[in-house]
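Structure first, commentary second.
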Amino acid sequence: MESTRKKLITLLADAKDSFISGQRLSDELSISRAAIWKHMKALEQEGYEIEAVSRKGYRIVSFPEEMSVNTIQWDLRTVWLGQKMYYRNQVDSTQSIAHQLARDGAVHGTVVVADEQVKGRGRLHRPWHSQKGKGIWMSIILRPNIEPQRAPQLTLASAVAITRMLKSVCHVDAKIKWPNDIFLHNRKLAGILTEMQAEQDLIEYVIIGMGINVNQNQTDIPDSLTEIATSLKLETGETFKRETLIQSILKELEVIYDQYIQQGFSAVKSHWEEAAYRMGETITVKTRNQKWDALLVGIQDDGALIVEDQTQNRRVLYSAEIDWKRGKEE
Ligand code: BTX
């Protein structure tokens, strides 16, 4: 978003119900009063309801219902993450858009958000149900200067960012199922899909896709998922403003990402462990050509999963599917 527009919205939003004079806005933004007026008209077009009273100035009466780059960015307190943002009403997948943007040179920290995905995807090309207006469907372009084999650690860091947001904004204790799922009350609330473009020892870019079920009612969840999926609304009875959640995830992710780059994975590990789901329990492990039962022990210093088989043999897994012995995909 144009930064003047963002500053304008921030000034008006911070003033809450009070008016701000056209003169003050014009001084603070170093633009003419005619330009301020033009911005106000543009904001009205986007769904902001603005009250203008002579000799008092302007105030925002209501924010647009519709999500947009403006509504996400106005209270975004990050330095670099999401400062460049794209919003689309309907896409196949935000991952595909992000890949294209990254190939075209999009900057580190660029974010793509969609209201609806018609071909949202999970790992191994599994479908990700992304209903219009009900969830957060977002892809983040990162250009980390790390070895390609460390990229999966970013999935774990992203999972931590999501659980921290869920705790601080939604007051729920969600858990992370290695490597990429967020569970709440034994059902899947969110998933993360990390994709990468790399050449030998160099990462060109990483795309972190996040899908979070927010305001779905039971009838919004497809039959095939009712046993395994849930939403924040279903678990808390509350409706959440998706913008607030996105702002918080991006802030949490920016902090943890910067720590990770400076200090390595140790900065993420303890946070991850605090939110780890059902450690110490028996699981079924599935790799490309094997399936066996094991005990879930923990994660290594590099984020790989440690499991132990019935003969107490420990194995370290960098990619696998895990499932609990009883029940569905718990
Ligand atoms: P995953 O492969 O771990 O999970 C996919 C599985 O999750 C599906 O096979 C299905 O059983 C179940 N599932 C599908 N939709 C949902 C849902 N809405 N809620 C709960 N469970 C569901 C997880 O992959 C990674 C998902 C990333 C999604 C984001 S959204 C933004 C970005 N764009 C995109 O296309 N994908 C990512």
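Quick look at the values:
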item: Members of segment 37-96 that are open to solvent by less than 60 Å² (accessible area, probe 1.4 Å), on the phi > 0 side of the Ramachandran plot and not assigned by TED's automatic domain parsing to the domain that holds Ala114; result: Gly47, Gly57
item: Those residues of segment 123-159 which are more than 7 Å from the ligand (Cβ to nearest atom) and within 18 Å of Gly82 (Cα to Cα), in sequence order; result: Ile136, Ile140, Ile141, Leu142, Arg143, Pro144, Leu154, Thr155, Ala157, Ser158, Ala159
item: Residues located in segment 97-116, provided they are of a type in the set (D, E, K, R) and either open to solvent by less than 10 Å² (accessible area, probe 1.4 Å) or touching a strand residue (DSSP E or B) at 6+ places or on another chain (Cβ under 7 Å) (or both); result: Asp115, Glu116
item: Check on Ala174, within 20 Å of Ile306 (Cβ to Cβ) and at pLDDT 95 or above; result: no
item: Residues (in a strand (DSSP E or B) and open to solvent by less than 10 Å² (accessible area, probe 1.4 Å)) located in segment 129-176; result: Ser130, Gly135, Ile136, Trp137, Met138, Ser139, Ile140, Ile141, Leu142, Ile176
item: Helices (runs of 4 or more DSSP H) enclosed by segment 31-127 - at least 1 residues per element that are under 19 Å from the mean Cα position of the chain (by Cα); result: 69-73, 94-103
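The values are calculated or read from the model by the stated rules, or taken from the named source; none is laboratory data. The model shown is predicted, which means the values in this text are computed figures rather than measured ones. Neighbour counts are summed over all protein chains in view; Cβ atoms, including those assigned to glycine, are modelled from backbone coordinates with ideal geometry. For the accessible areas, the whole protein counts, side chains as well, though only heavy atoms, and no ligand, DNA or RNA atoms are used. Shrake-Rupley method; radii C 1.70, N 1.55, O 1.52, S 1.80 Å.
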